[in-house]
Amino acid sequence: MSGSDSGHDANRVQLSNRAAIAVTHSDSQYAPFAVLGATRSHLCLGATLCAVLVGALACSPEHKVAHRTGQRIQNPPATGPTWIAWHDTITLQEDSTVINVEPIVRADSGDRFLVADESELQVRDYDHSGELRFAFGDRGDGPSEFQTLAVALRLPSNRILAVQHAARGEIFSPSGDSALTTLQIPLTQIYDADILNDSLVLLSGGVPSFSQGRLSVFDIRTDSVVASFFPPPISPDLGRAMTVVGLTNSAVESDTIATLFALSDTLYLFLDNGRLIRKVQIPFEDYQTPTNPPSGRSASAADFTQWLSKLVLPTNVFWEPDGWLIQYQQRTSSGPIWNLMYLSKEGRPYFDMHHTPLLLLARKRELYFEDPSVLAPDRWIVGTLRRPT
């Protein structure tokens, strides 16, 4: 299949009519951020936006809603792209103390998975079949406790790094049974993280100044930021839009960092020292230049929803040998519509799938999606990505 523009249109497919929304409480210190896709999971609304967007669906800590609708993905899908061969499902083991609500999934050593659950504030390790190997974490400020949880990563030393949104990190023993080191990170917020090497971690997060870099290289040995780069690639006039959806997501491959900014239709490639080496425009259909959200006394929730629905928001990037998988979302009144583009290294789409399940993880051409036919994210569907010819 060529990566031509005509191929782009030919490979648009409808995988399901799934819509999903999850509303969770966020402490007021994180308002007014609306974290769109930064968690590789659901839409998490800052407290001050909840009243605008969901009204009486109160943002209390106890109120957690996870709703999915849609037909079960067939094997292969009835509308069937040949790009993904569906071949397996994984059901995550749960018990009285382990319930999957908002899993943020990363590859662990071998064929295992590390899951950080933002809602349950727990880190879990699963094998390839979904069997739970161990779990740790709870709400609190003590050792092995979290107030927020952004991601858990396996360091090259085999230790586990858990990163909180509240600019704090903690390093654990390989099986998570003991907390070894607490890290105080000099950022205002952290949305995402990735491993550069055993001492350096790439952090995507908020900084006090608009002009400062959204990506930081943090040295876990010295508790210090050794490099900061990628200021928001938009006009400062769009500050209100950035406050709502101005999030950054990155993925590391060898010494190269691929980065998305939610208000840009460009993939940015950096060396691990922060030097920009390339920009790749992402050929989204119906992409519109972002504007600021409505404001003032006359602005209504319907106005805000209409503004949000016009945005095409790239939220997650995954490296593949032949290019990148770009997960992006568009908003409706019932929640996000997830879409997936396979972008070649030349910037041409191999495919652009609309209405897909949520992609949790991509590794070695194996793709792990939430199963949209179940209410809880404890079952995944697995497919193999075809190699371009």
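Observations
- Cα→Cβ-extended label distance, 7 Å offset, between Glu346 and Ser300, nm: 4.9 nm
- Amide H contacts under 5 Å for Glu118: Glu102, Ile104, restricted to partners 5 or more places along the chain or on a different chain, H placed in the peptide plane at 1.01 Å from N.
- Straight-line cross-link partners of Lys310 among the aspartates and glutamates, defined as a Cα under 16 Å from its Cα and at least 8 positions apart when in the same chain: Asp265, Glu285, Asp286.
- Rounded Å value of the spacing that divides the Cα centres of segment 139-155 and segment 185-255: 19 Å
- Once the Cβ-Cβ distance of Ser109 and Ser235 is raised to the sixth power relative to R0 = 51 Å, the FRET efficiency obtained is 0.75.
- Simple spin-label estimate for Val98 and Thr188 gives 3.8 nm between the two label positions (7 Å along the Cα-to-Cβ direction from each Cα).
- Estimated distance in nm for a label pair at Leu271 and Ser173, the labels positioned 7 Å out from Cα along Cα-to-Cβ: 4.1 nm
Readers should treat all values here as calculations from the given coordinates under stated rules, not as data from a laboratory. Worth saying up front: this structure is predicted, and the values here are computed from it rather than measured. Cβ atoms come from the backbone with ideal geometry, glycine included; neighbour counts cover every protein chain shown.
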